[in-house]
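The values are calculated or read from the model by the stated rules, or taken from the named source; none is laboratory data. Bear in mind that the values here come from a model prediction, so they are computed numbers and not experimental data. No Cβ is skipped: glycine too gets one built from the backbone with ideal geometry, and neighbour counts run over all protein chains shown.
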Amino acid sequence: MDTIEHDASQVRLLKHVRRAGAISRVELVQVSGLSKGTVTELTADLVRRGVLAEMPGAASARGRPRIDLRIVAGAAYAAALIPLSDGLVSLDVIDLNGDRVYSERGDLGDPGIDRLADRAAALIDGAIGRSGVPRRLLRHAAIVLPAQVDRHRGVVHWMPQHGWHEPEAIGPRVAERLGLPVTVDNRASVVARAEHWFGKGDIADDFSCIALLERGMGAARYRGGLLQTGTHGMNSEFAHVKVAFEGGRPCFCGGSGCLAAYASVMGMLRHAGGGGTARSNDSFADLVARARAGQADARRLFETAGRALGTAVAGHINENDPGRVLIVTAVAAMPDLIGPDFRAALCDQTLRTLLPRTSVEFRSIAEEDYWKGAASLALEELYRHAPAS
């Protein structure tokens, strides 16, 4: 195997061991799709390095003792920084099994793009020191930002919600300060990662995730257990799929007619003042309350959001045939308020051959989705470059 194939096979194998808790080599061959020789080679190396441990399992049908494999949770750890709200972040240390062994809150504030790396590194370093985990066992750090990110290089290209539009190498700068490899990704991507790594078996291996976040929105797609990433290391910018042309609402990206201008919290608030350019003094909770009270202008905002999202999701299904689309929302009221118009547009615009074969579901985002997603981001790198004990 070449290095890329070896690393991908190792990640796949360790995912299955983690998902099962304890599993035999024979079962690993069956569930992973890897050859017997590859499983034998990889597991022998991982046992030697202290990443996997052998343990006696139930006797086989022939009475022979079965040997199961499990992940040695304390073989390595990773740290993660995840934005929550109002400048607060969750700082977590996770073990090799994906369990959170330490967590605290910190205040990232709004330091500006030029000081973001320094502030993030200081927060992560402090959390590591207070976690009690030996520094030599910390092998990776993950940072999640509401941004367009080149995950391959750790470059943040823009954070329009914060007025940042110039590329900045956040990952390499934090890595230099921490002395650890650092991976950077966006919030929509890590919500999808949480579903894949902590979700239910095979249904979490092939799906598209559309995240309606506290302000913006995004999407990510898993296929065959792998997150689909673009040539330049970036995930889907589903928020900027065009749903209107002439006369479309202006978007914070500088264009117009983008889905985010119609179906994101920030886009809806921006339009609520009229004309599509003025920011409304309403909070989103005010808009929800007005829509539920039957006020026509507020209801129209949600109806339009539903049609725009339904049209965009239909286009995604027609193009990609994802089989399952999971729409997660940070605003609990969204499914009720946009649901009827969303379903109508989805049914009207999706190809008849794909509509009955595609599962589309809504669920609310839980705060744990963010730390689990960040943990998954770090775990993938730990599994790809499994440490030696």
Revision key, fill the gap. Counting only strands (runs of 3 or more DSSP E) wholly inside region 174-245, the ones holding at least 3 residues that are of a type in the set (Phe, Trp, Tyr) and closer than 14 Å to Gly373 by Cβ are none
Exercise for review: Confirm whether Ile338 is surrounded by fewer than 21 Cβ atoms within 10 Å (Cβ to Cβ) and among the β-branched types (Val, Ile, Thr).
Suggested key: no
Exercise for review: State whether the residues of region 165-182 include one that is within 30 Å of Phe362 (Cβ to Cβ) and over 12 Å from the mean Cα position of the chain (by Cα).
Suggested key: no
Point to revise | Flag for Arg352 being at pLDDT below 95, exposed (fewer than 15 other Cβ atoms within 10 Å of the Cβ) and basic (Lys, Arg) | key: no
Study note, to complete from the structure: If we keep only residues of region 259-269 that are more than 20 Å from His316 (Cα to Cα) and without any contact (Cβ under 8 Å) to a residue 40 or more places away in the chain, then the residue surrounded by the most Cβ atoms within 10 Å (Cβ to Cβ) is Gly267
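Could you say whether any residue in region 260-272 is outside any helix (DSSP H, G or I), in the same structural domain as Gly323 (by TED's automatic domain parsing) and touching a strand residue (DSSP E or B) at 6+ places or on another chain (Cβ under 9 Å)?
Taking region 260-272 as the starting set, the residues that turn out to be outside any helix (DSSP H, G or I) are 264.
In the following step, the residues that additionally are in the same structural domain as Gly323 (by TED's automatic domain parsing) were identified as 264.
If we keep only those that are touching a strand residue (DSSP E or B) at 6+ places or on another chain (Cβ under 9 Å) as well, we get 264.
Yes, there is a match, as at least one residue in region 260-272 is outside any helix (DSSP H, G or I), in the same structural domain as Gly323 (by TED's automatic domain parsing) and touching a strand residue (DSSP E or B) at 6+ places or on another chain (Cβ under 9 Å).
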Exercise for review: Please name all residue pairs, on different chains or six or more residues apart, with Cβ atoms under 6 Å, provided the first residue is in region 1-29 and is closer than 11 Å to Leu69 by Cα and the second residue is of a type in the set (Phe, Trp, Tyr) and buried (at least 20 other Cβ atoms within 10 Å of the Cβ).
Suggested key: Leu14/Tyr383
Point to revise | Condition met for Val93 (assigned by TED's automatic domain parsing to the domain that holds Pro181 and buried (at least 19 other Cβ atoms within 10 Å of the Cβ)) | key: yes
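Would you pick out the residues in region 342-389 that are in contact with a Phe, Trp or Tyr (Cβ under 7 Å, 6 or more places away or on another chain), within 13 Å of Glu195 (Cα to Cα) and of a type outside the set (D, E, K, R)? I'd like the intermediate steps shown before the answer.
Keep residues of region 342-389 that are in contact with a Phe, Trp or Tyr (Cβ under 7 Å, 6 or more places away or on another chain), which gives 372, 376, 379.
Still in the running and within 13 Å of Glu195 (Cα to Cα): 372, 376.
Answer for region 342-389, where residues must be in contact with a Phe, Trp or Tyr (Cβ under 7 Å, 6 or more places away or on another chain), within 13 Å of Glu195 (Cα to Cα) and of a type outside the set (D, E, K, R): just Ser376.
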Point to revise | Check on Ala332, in contact with a strand residue (DSSP E or B) (Cβ under 6 Å, 6 or more places away or on another chain), of a type in the set (Gly, Ala, Ser), in contact (Cβ under 8 Å) with a residue 24 or more places away in the chain and crowded, with 16+ Cβ neighbours inside 10 Å | key: no
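Going by what's in this entry, would Gly109 be described as out of contact with any helix residue (DSSP H, G or I) (no Cβ under 6 Å at 6 or more places or on another chain), surrounded by fewer than 17 Cβ atoms within 10 Å (Cβ to Cβ), without any contact (Cβ under 8 Å) to a residue 40 or more places away in the chain and not assigned by TED's automatic domain parsing to the domain that holds Ala378?
On the way: out of contact with any helix residue (DSSP H, G or I) (no Cβ under 6 Å at 6 or more places or on another chain): yes; surrounded by fewer than 17 Cβ atoms within 10 Å (Cβ to Cβ): yes; without any contact (Cβ under 8 Å) to a residue 40 or more places away in the chain: yes; not assigned by TED's automatic domain parsing to the domain that holds Ala378: no.
Answer is no for this residue.
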Review point. Among the numbered criteria (1) crowded, with 19+ Cβ neighbours inside 10 Å; (2) in a helix (DSSP H, G or I); (3) small (Gly, Ala, Ser), which single criterion is violated by Ala79?
Key: (2)
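Tell me, which residue of region 335-367 that is touching a residue at least 40 places away in the same chain (Cβ under 8 Å) and part of a helix (DSSP H, G or I) is farthest from the chain's Cα centre (by Cα)?
Of the residues in region 335-367, the ones touching a residue at least 40 places away in the same chain (Cβ under 8 Å) are 337-338, 358, 360, 365, 367.
Remaining after also requiring part of a helix (DSSP H, G or I): 337-338, 367.
Details: Leu337: 25, Ile338: 23, Glu367: 13 Å.
Selected residue: Leu337.
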Review point. Of the residues that make up region 107-128, is at least one over 16 Å from Ala147 (Cα atoms), touching a Phe, Trp or Tyr at 6+ places or on another chain (Cβ under 9 Å) and charged (D, E, K, R)?
Key: no
Review point. Any residue in region 139-150 that is touching a residue at least 12 places away in the same chain (Cβ under 8 Å), surrounded by 20 or more Cβ atoms within 10 Å (Cβ to Cβ), under 30 Å from Ser359 (Cβ atoms) and touching a helix residue (DSSP H, G or I) at 6+ places or on another chain (Cβ under 7 Å)?
Key: yes
Point to revise | Long-range neighbours under 8 Å by Cβ, at least six apart or interchain, first residue on the phi < 0 side of the Ramachandran plot and hydroxyl-bearing (Ser, Thr, Tyr) within region 238-258, second in a loop (DSSP other than H, G, I, E, B) and at pLDDT 85 or above | key: Ser256/Ala244; Ser256/Gly248; Ser256/Arg249
Review point. Where residues in region 96-116 are part of a strand (DSSP E or B) and basic (Lys, Arg), which of them is nearest to Val155 (Cα to Cα)?
Key: Arg105
